[in-house]
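Have a look at the structure below before the remarks.
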Amino acid sequence: MTLPIRIKGFTTEVLSWKPWLDMVHVDTATPAQLAALDEMSPQARTSPYFLVLAHQPEILLQRSIAFNAIMFAPGGMPRAERELGATVESRVNGCVYCASVHAQRFEQLAKRNDVISQVFEAPASAGTTPREKAIVAFSVRLGAEPDKVSAEDIRALKAVGLAELEILDLIHSVALFAWANRLMLNLGEPVFPAAAS
């Protein structure tokens with residue numbers, strides 16, 4: 001088992017999350033709230049984050065449908081690369097919790113974490129192959145300067161072998177986390193595991 005990465009406040013450890021707003025209680029939740037939670041994942045009923053979002057079940061339901069379609073749809077960009085885009089966006093935005101979750105997913109799917117250490121250390125220069133470097137650079141640019149993304153950025157992705165559907169998947173995953181990070185950063189805070197004694 002690989003030891004967790006801890007660099008510049010970012011980690012691949014499993015974190016908890018503490019909301020600043022009241023959560024919906026599952027035992028008193030409405031059918032609409034329960035349906036929205038269940039659309040996200042089987043674990044959503046125990047997630048403080050989703051239990052906060054469940055106050056607005058229609059928005060949570062649409063968010064869950066979009067999230068699952070963007071991150072898990074078959075075809076297009078490999079899932080590990082979608083997770084890499086999500087991790088980069090989360091790192092650029094300073095969302096420690098999201099960066100942790102999606103770095104872990106990348107590691108599980110790709111069976112390596114070298115690029116995650118690089119993303120945590122210096123995202124602008126991260127990547128272990130030309131394709132990965134292009135994915136990371138584009139994710140950083142789209143996250144930090146979305147108004148400056150141009151046709152040249154798309155050509156750079158094509159030049160390292162990304163197909164148009166893969167590029168669209170990458171844009172969707174980065175854009176999704178631009179939104180998701182802002183929700184998470186403004187509704188609560190990450191909680192690190194207690195230090196081993």
Hey, any hits in the stretch 39-49 for a residue that's closer than 17 Å to ALA175 by Cα and surrounded by fewer than 22 Cβ atoms within 10 Å (Cβ to Cβ)? no
Are any residues in the stretch 87-121 acidic (Asp, Glu) and under 18 Å from PHE72 (Cα atoms), and if so, which ones? GLU89, GLU107
Which residue, of LEU170, LEU157, LEU142, is in the same structural domain as GLY85 (by TED's automatic domain parsing), surrounded by 12 or more Cβ atoms within 10 Å (Cβ to Cβ), in contact (Cβ under 8 Å) with a residue 60 or more places away in the chain and out of contact with any Cys (no Cβ under 6 Å at 6 or more places or on another chain)? LEU170
Considering only the stretch 95-102, I want to know if a residue exists there that is part of a helix (DSSP H, G or I), farther than 18 Å from ARG6 by Cβ and small (Gly, Ala, Ser). no
Name the residue that is surrounded by the most Cβ atoms within 10 Å (Cβ to Cβ), counting only residues in the stretch 54-74 that are aliphatic (A, V, I, L, M) and farther than 25 Å from LEU84 by Cβ. ALA54
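The values are calculated or read from the model by the stated rules, or taken from the named source; none is laboratory data. Keep in mind that this is a model prediction, so the values were computed, not measured. When we count neighbours, we look across all protein chains shown, and the Cβ atoms used for this are built from the backbone with ideal geometry, even at glycine.
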